[in-house]
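The structure appears right after this line, and notes come after that.
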Ligand SMILES: [Zn+2]
């Protein structure tokens, strides 16, 4: 199945009592990278891993989409964070979080100045120091789970998606920052602020 999807799809299961998804994350040195189609926080050091069905998936990078790619009952939220994990044999597992505008988390506040720094500069990267992925998902213990694909080319299938059911908060000024970035590369925006740059 190709991602993204609406999370009311019949093939989506609601997984409870997973606690913290059996992860062992750790703080690691990271860089923020403008990849052209999105902005990514890449872990240069060992940020730890997630174990699912006996397979270890290492946390490699985080990136954002604005507005969200996944919808819930047809509703699109303001922003979606993807935590991209990869196993030793290159299988992918993504943990996603949906956000609406509100009072933002400490993590997003820390990223904001770096995001602004590279937003208009393709292939630019900046060291952001040590990033701690613990606590990024908050206290969520209920997930939407399905087998999907990468949402960008090559759209490889066989990706395990776990999307936190509880919606998080981000500050309003983080969203325009993302929008400005996306529109600066001509990526179509489905929101009303598509002329943000012009
Ligand atoms: Zn993504």
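Only the coordinates and a few stated rules stand behind these numbers; no lab work does. Quick caveat, the model's predicted, so the values are computed rather than measured. Cβ placement follows ideal geometry from the backbone for every residue including glycine, while neighbour counts extend to all protein chains displayed.
For region 1-143, the share of alpha carbon pairs falling in successive 5 Å distance bins from zero is 2, 9, 17, 22, 22, 17, 9, 3, 0 percent. The slack between residue 134 and residue 110, meaning 0.36 nm per residue of separation minus the straight C-alpha distance, is 7.2 nm.
Annotation: the residues 95, 159, 15, 130, sorted from fewest to most other C-beta atoms within 10 Å of their own C-beta, follow the order 130, 15, 159, 95. Taken along the Cα-to-beta-carbon direction at a fixed 7 Å, the label points for residue 166 and residue 127 span 3.5 nm.
Counting neighbouring beta carbons within 10 Å and listing from fewest to most, the residues 24, 87 come out as 24, 87.
Suppose a student asked you for the relative contact order of region 11-117, using Cα pairs under 8 Å spaced at least 6 residues apart; what percent would you report? Spell out each step's value before the answer.
Numbers: 177 pairs, mean separation 19.0, N = 107.
In percent, rounded to a whole number, it is 18.
Listing 59, 150, 14 from fewest to most neighbouring C-beta atoms within 10 Å gives 14, 150, 59. Principal axis extents of the Cα atoms in region 68-158, from largest to smallest and rounded to whole angstrom, are 35, 32, 25. Fully extending the segment from residue 24 to residue 157 would add 45.3 nm, taking 0.36 nm per residue of separation and subtracting the current Cα-Cα distance.
Can you figure out the FRET efficiency of residue 88 with residue 120, using R₀ = 30 Å and their beta-carbon distance, to the nearest 0.05? Calculated value: 0.25.
Between residue 15 and residue 103, how high is the FRET efficiency from 1/(1 + (r/R0)^6) when r is the Cβ-Cβ distance and R₀ = 25 Å? Nearest 0.05.
Once the sixth-power term is evaluated, E becomes 0.35.
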